[in-house]
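The values are calculated or read from the model by the stated rules, or taken from the named source; none is laboratory data. The structure presented is a predicted model; accordingly, all values stated were derived computationally and were not measured. Backbone-built Cβ (ideal geometry, glycine too); neighbour counts: all protein chains shown. To get the accessible areas, we keep the full protein, side chains included, count just its heavy atoms, and leave off ligands, DNA and RNA. Shrake-Rupley method; radii C 1.70, N 1.55, O 1.52, S 1.80 Å.
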Amino acid sequence: MTEERIPPATLPLAARAPGKCILFGEHAIVHGKPELVIAIDLHTQVIIRGAPATRLNGDPEAIRSNPYFRTALEKAWSAGPPVDVRAVSRIPRAAGLGSSAAFVAATAAGFTASAGGGERSDLAQLAFTIERTAQGVGSPGDTAAAVAGGCITLNAEAGRLLWSVQDEQRSWTVRRLEDPGWIWVVAYSGVPRDTAETVRSVGRRLAQPDGPELLERFATVALDGIRAVVKEDRTDVGELMKRNQELLREVGVSHPRLEAMLDAVGPVSLGAKLTGAGAGGSLVVLPHPGREMEAARKIARVGGVAYVVRVATEGAALVPEGAPASTASGG
Ligand code: MEV
C-alpha cells in the first residue's frame, strides 16, 4: 500500500498511476454522498524530461488543446523549465475507467518529485484540483483512487482515514478499506461519454422534487455495499450492485449498449452495473469465481471490450529507472 511521501527525484523521471472503477455511489458522490472506488491494474505512465519547448507526446499544441495537461502545468509546474511529457496508457479514454485521473495523478506525482517531493495527501488535493479545474465539475473519487491505490471509500465511516480533499463548497473524507482480493471484469461499451455533461444532466434530474429522496437511496445502497465488501460477502455485493444500477437507470445514465452487456453477463455474475459517469462508458462485473473469462467472452460477443482486473494496491508512484519506463518510451 502506498501511504508514504512522494520522494524527490531529478528529471528525466517516470511515474505511473492506476485507473479506477466505482463499485457504488457515482454521481451521488458529487452531491456529498458516500462512494466506494477501487484502483484497477490498468495504468497510465508518464515520462518527463527537460526539453527546449513544452509538449505532450511530441505535440506543443497540447498546452492549449489538452485541458488536463494545461492545468497540470499551471497548478504544479508554473515555475518549472520546459518539459517533454510522454504518456502511455492501458486505460481506454472517455470510458469511465479513470484515464484522465490517472494521467493527472501520474503527471502531478512526477512534477511533485521533481520539485523536491511531497506528502501524498497534498498530491491527492493537487490531482483533484487539476482534474476539477480542467473538467469544471466532479468529485475527488477518481483522483483519490489514482493517488492512493487500493480500495477507497469517500464520505463513509468505514476504513482507515487517509485524508480529506476540498473544493470551495465541500470537503470529502477519503478512507482505505482492506481489498477483498476478488477478480473483477470491467468492460467498455465502445460508446465514449462526456463526464461533465453527464454530471450536469444528473444534477438537473436531482433538482426535481424527488431528488433528495433519490439521493438518500443512493447513499443507502453505497453504505450497504461498503459494509458487504468489509464482510467480504460476494452475494450481497452483487445484489447491491444490481440495486445501484436500478438507481442509475432512474437518473437516466444507462445506455442500450450497457444494458446489452448487462444481459450478457447476468448468468455468469453475482452482480454488475455501469461504472463512472455512464451514458455509455463501462460496466463493472463481479463474476462468479472461476467464470471471469466466460464473462469477458460474453461481453465480447455483444461488442464490448472486457478487461479482467484486480485491485491495484499501489497508487501514484515513481517508476524505478530501467523498469517498465523503457516500454513506455516508444509510445
Ligand atoms: C466519474 O468517474 C464519477 C462521477 O461521479 C463524477 C465524479 O465523481 O467526478 C460521475
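Structure summary
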quantity	calculated
Residue in the stretch 270-288 that is in a helix (DSSP H, G or I) and out of contact with any Asp or Glu (no Cβ under 7 Å at 6 or more places or on another chain) present	no
Number of positions in the stretch 2-32 that are in a loop (DSSP other than H, G, I, E, B) and either of a type in the set (V, I, T) or more than 10 Å from the ligand (Cβ to nearest atom) (or both)	11
Residue within the stretch 177-186 that is open to solvent by 30 Å² or more (accessible area, probe 1.4 Å) and either in a strand (DSSP E or B) or under 18 Å from A101 (Cα atoms) (or both) present	no
Output for the stretch 134-151, where each listed residue is among the hydrophobic types (A, V, I, L, M, F, W, C) and either within 8 Å of the ligand (Cβ to nearest atom) or open to solvent by less than 10 Å² (accessible area, probe 1.4 Å) (or both)	V137, A144, A145, A146, V147, A148, C151
Extreme residue, farthest from V253 (Cα to Cα), among residues of the stretch 16-33 that are among the aliphatic types (A, V, I, L, M) and either in contact with a strand residue (DSSP E or B) (Cβ under 8 Å, 6 or more places away or on another chain) or crowded, with 24+ Cβ neighbours inside 10 Å (or both)	A17
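Each row is one residue, and each column tells you yes or no for (1) more than 21 Å from P52 (Cα to Cα); (2) surrounded by fewer than 22 Cβ atoms within 10 Å (Cβ to Cβ).
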site: A72; (1), (2): no, no
site: G80; (1), (2): no, yes
site: D84; (1), (2): no, yes
site: I91; (1), (2): yes, no
site: A94; (1), (2): yes, yes
site: G98; (1), (2): yes, no
site: A101; (1), (2): yes, no
site: V104; (1), (2): yes, no
site: F111; (1), (2): no, no
